[in-house]
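Data first, discussion second: the structure below is written as structure tokens.
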Amino acid sequence: MKVNAARSKIATIVSIILLTSLFVSIPVPANAAACAADEDKFLAFHKAFYANQPAENAGAVNANFLKSIGAAIGINSPKFAACVDNGGYSDWVKNVAEAGAKANVNSTPTVFVNGKELDRNTEYFNVEAFAKAIAG
């Protein structure tokens, strides 16, 4: 099956969850990633964040760090900075985290296609298996 044929089908595919320790500090990386999505830079932000992620629980992930990640990928708008500073998507992050917990999501990446979790060992990086999952 060709990937393009699978793309033509409508599927409810993705809620991307960037897990953070306890969602205790705002802004969290998931919030900043959503802010980056408003700038059409979600994937670039995601990639840059993971490439530059400090040690877990080191306290280095704060608004300034997240805005520097944004700046490194070309996001310099006041809108992005305000979104990161003010936790513009904090309610969304909370809702996604709660939905993830209900679905037993406990690691990243976890991918669901049409409500079915893909097998990370066989379907994530296999184009044919992924296309088959999308096609239903």
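The values are calculated or read from the model by the stated rules, or taken from the named source; none is laboratory data. These numbers come from a predicted model, not from an experiment. With ideal geometry, Cβ positions are generated from the backbone for all residues, glycine too; neighbour counts draw on all protein chains shown.
Please give the number of the condition N31 fails out of (1) at pLDDT 75 or above; (2) farther than 19 Å from G100 by Cα.
(2)
In segment 84-136, what residues are within 25 Å of C35 (Cα to Cα) and acidic (D, E)?
Once the filter is applied, which keeps residues that are within 25 Å of C35 (Cα to Cα) and acidic (D, E), segment 84-136 yields D85, D91, E98.
Hey, among the residues in segment 104-136 that are farther than 26 Å from A30 by Cα and in a loop (DSSP other than H, G, I, E, B), which one's modelled with the highest pLDDT?
T122
Based on what the data block shows, is A97 farther than 19 Å from D40 by Cα, surrounded by 14 or more Cβ atoms within 10 Å (Cβ to Cβ) and over 15 Å from the mean Cα position of the chain (by Cα)?
Answer is no for this residue.
Of all residues being under 14 Å from D91 (Cα atoms) and not small (G, A, S) in segment 30-51, which is farthest from the chain's Cα centre (by Cα)? Just the residue, please.
C35
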